[in-house]
């Protein structure tokens, strides 16, 4: 049905006889989330406050060892203020989604390739979220109560239900999955 340039990469993950019905990737580039309304001001306040304290220590003639105290706090503040956006962009660039005639596939990983496969025959909980941009997200399974900020907060992906985030034509992919599940149910029943 639908296809994208990621098809060849995903074909390596298909089982013998399995057909790729759709493939895609999350939205690329800088993406801001609702959680950023809190995270950005907090991280800038953190980074700015630690920077001012470190500069005051330097101008006060503190020893090099005393200045080393500020390094971890500057690194943490710098990551939350700036670095996490680069990490997010890099992660999404290396994330691929697929719907086959049997499974949902999610390939991801910054350093090592991770493959998550969900059997369409047993998948029962699918949620569709539409965004104003026309893109949307599909979530497969219930969300964990520990996933307060979902996949958008660093380290929380392990608590979030698997899903296709920020995809084009989410309604069509949602319908494709349901049609494929119905076909699989007719074939087995």
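Read the figures in this text as sums done on the coordinates, not as results from a lab. Remember, it's a predicted structure, so these values are computed and weren't measured experimentally. Cβ atoms come from the backbone with ideal geometry, glycine included; neighbour counts cover every protein chain shown.
Comparing 23, 137, 127 in a Gaussian network model of the chain (Cα springs below 10 Å), the most mobile by mean-square fluctuation is 127. For the chain, the longest principal axis of the C-alpha atoms and the axis of helix 170-188 are separated by about 40°.
If packing is taken as the average count of other Cβ atoms within 10 Å, what order do 179-186, 71-78 fall into, highest mean first?
So the peptides 179-186, 71-78, ranked by packing, come out 71-78, 179-186.
Judged by the mean number of other Cβ atoms found within 10 Å, the most tightly packed of the peptides 85-94, 169-178 leads the ranking 169-178, 85-94.
In a fully extended conformation the segment linking residue 71 and residue 101 would gain 5.7 nm over its present Cα-Cα distance, using 0.36 nm per residue. Which translational diffusion coefficient, to the nearest whole µm²/s, is obtained for the chain from the Stokes-Einstein equation, given a Kirkwood hydrodynamic radius over C-alpha pairs, 10 °C and 1.306 mPa s? Result for D is 84 µm²/s. Set the Förster radius R0 to 30 Å, insert the Cβ-Cβ distance between residue 45 and residue 87 as r into 1/(1 + (r/R0)^6), and round the FRET efficiency to 0.05. E(calc), rounded to 0.05, equals 0.90. Extents of the stretch 36-89, largest first, come to 39, 18, 11 Å (Cα atoms, principal axes, whole angstrom).
Could you list 129, 139 in order of exposure, starting from the residue whose Cβ has the fewest other Cβ atoms within 10 Å?
If I rank by nearby Cβ atoms, fewest first, I get 129, 139.
Computing FRET efficiency as 1/(1 + (r/R0)^6) for residue 12 and residue 34, where r is the C-beta to C-beta distance and R0 is 35 Å, gives about 0.50. Relative to the longest principal axis of the Cα atoms of the chain, helix 84-93 runs at roughly 20 degrees. Given R0 = 35 Å, the distance between the Cβ atoms of residue 131 and residue 188 translates into a calculated FRET efficiency of 0.50.
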